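Notes follow once the structure below has been shown.
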């Protein structure tokens, strides 16, 4: 039994891993974890649906649960060794499979730039980008009602601030975050920003520099692979047609609203 | 001009850096940036870190933000003992795993409780409603449970038998709610034992020295804040709560 990666491609960190592994021809078994499906009835379905997508909180999905005590995706299983957290898994893979230097440069200052972005990402880009999905798709799906526009506006403003800092501090006038080549930092950033794009908040529209950067990242990993990884999120509107049990809706609405804060 | 570390020891990540550098005898110039006085918002500091946050590093013309990035930079540059960031692939992954997870868990919840208990009442002049405090405490409790069950388990330290960056980063964060008055180690003997081990590993004296300011946080009064900062803070905290 070789390397197993537990992934749901609706999740941003899962996409980063999927693209990285495939782009580097790292052999792995794709263990699909479908967080959107509440497979069982009763309490399990409630807790499962509450933890609907990774960005809402820990996943209760069976497969991932056995692998990662945190019950989150993505998760890695390599023999007896299990690992959670996208950044940790990316670094583990880059070291184990000796991927090309530019992904995580050995040069101390360039590496520091990648570490700096990967750290900052958590509480900045990743703080607001996921919320666009909650507001535009998930919460209306579960509550049956759209959210007041101020909610989305607030999130977009937060995202705008992060994007401004991203351009000013991390990207600047370079081709990629570390300079002339793509690294883990660009990959982690781009998959997160595709989340709002998927739900119709195209943050690249009025940002030509970011748009160009996105194009370069897509080319660097392979356009076909990039789009394959993003197929689900780009068709997320189809999720709106899913029938949700009314009782489930009732139980989840307040929880989802609270999570938005 | 050698290595400069821009720090305010009231900040958890700054303490991790300070302790790490001192514990490893890394020579650096301590550049104090007083957050309460708004010194992180000066044009001068902005040249070091355009994100206007501490900690920040300046090494010649190279500047760096984010404590995790700075810790890893120091590990690499000064070739600190292996246990801090083990070369072993799996042990290193354990450290990376914690350092990633902690941002929105221990760090976020610990900070929130600290802000709620200490800063908000100080700045608004009103005590925090008990249910908000209870909620913030509960959230931290959840994170603590996950920390013990997933990261520490029954090992002496997160990566195994020796202290690493993960333990240091974790402990300085937990000291924030502790200094705000939440005795989280009291009913958690395993956690308390781990704390003792980490303090021993870095040096008890150094640990205490690094925590002087935060341990006296209750003495902080509103007049010690720059007025614009107070107003700004007030708006921010009220919005979050």
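The values are calculated or read from the model by the stated rules, or taken from the named source; none is laboratory data. Just so it is clear, the model here is predicted, and its values are computed rather than measured. With ideal geometry, Cβ positions are generated from the backbone for all residues, glycine too; neighbour counts draw on all protein chains shown.
Structural remarks
- Entry remark, the range B:90-102: residues being out of contact with any strand residue (DSSP E or B) (no Cβ under 9 Å at 6 or more places or on another chain) and surrounded by fewer than 21 Cβ atoms within 10 Å (Cβ to Cβ) number 1 in total.
- Residue A:76 passes every criterion in (1) more than 16 Å from residue B:96 (Cα to Cα); (2) more than 7 Å from chain B (Cβ to nearest Cβ); (3) modelled with pLDDT of 95 or more apart from (1).
Each row is one residue, and each column tells you yes or no for (1) surrounded by 19 or more Cβ atoms within 10 Å (Cβ to Cβ); (2) under 17 Å from the mean Cα position of the chain (by Cα); (3) away from chain A (no Cβ under 14 Å).
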| site | (1), (2), (3) |
| --- | --- |
| B:20 | yes, yes, yes |
| B:36 | no, yes, yes |
| B:43 | no, no, yes |
| B:65 | yes, yes, no |
| B:87 | no, no, no |
| B:110 | yes, yes, no |
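- Just so you know, in the range B:98-107 the residues that are touching a residue at least 24 places away in the same chain (Cβ under 8 Å) and assigned to a helix (DSSP H, G or I) include one that is nearest to the other protein chains (Cβ to nearest Cβ), and it is B:101.
- The residues of the range A:82-139 that are touching a strand residue (DSSP E or B) at 6+ places or on another chain (Cβ under 8 Å), more than 7 Å from chain B (Cβ to nearest Cβ) and surrounded by fewer than 21 Cβ atoms within 10 Å (Cβ to Cβ), listed by number, are A:82, A:110.
- Matching residues, the range B:116-165, being touching a residue at least 60 places away in the same chain (Cβ under 8 Å) and outside any loop (DSSP other than H, G, I, E, B): B:116, B:117, B:118, B:119, B:120, B:122, B:123, B:124, B:132, B:160, B:165
- Inspection of the range B:122-142 finds a residue satisfying the criterion of being buried (at least 22 other Cβ atoms within 10 Å of the Cβ) and more than 10 Å from every other protein chain (Cβ to nearest Cβ).
- Verdict on residue B:186 being in a helix (DSSP H, G or I) and either closer than 25 Å to residue B:212 by Cβ or assigned by the TED database to the domain that holds residue B:213 (or both): no
- Filter result (touching a helix residue (DSSP H, G or I) at 6+ places or on another chain (Cβ under 6 Å) and within 11 Å of chain A (Cβ to nearest Cβ)) within the range B:149-162: B:151
- Exactly one residue out of A:211, A:215 is surrounded by 13 or more Cβ atoms within 10 Å (Cβ to Cβ), modelled with pLDDT of 85 or more and not in a loop (DSSP other than H, G, I, E, B): that is A:211.
- Verdict on residue A:142 being away from chain B (no Cβ under 14 Å) and at negative phi: yes
- Here residue B:48 meets the list (1) more than 14 Å from every other protein chain (Cβ to nearest Cβ); (2) under 27 Å from residue A:105 (Cβ atoms) almost entirely, failing just condition (1).
- Only residues that are in a helix (DSSP H, G or I), away from chain B (no Cβ under 14 Å) and at pLDDT below 90 were counted in the range A:145-168, giving 1.
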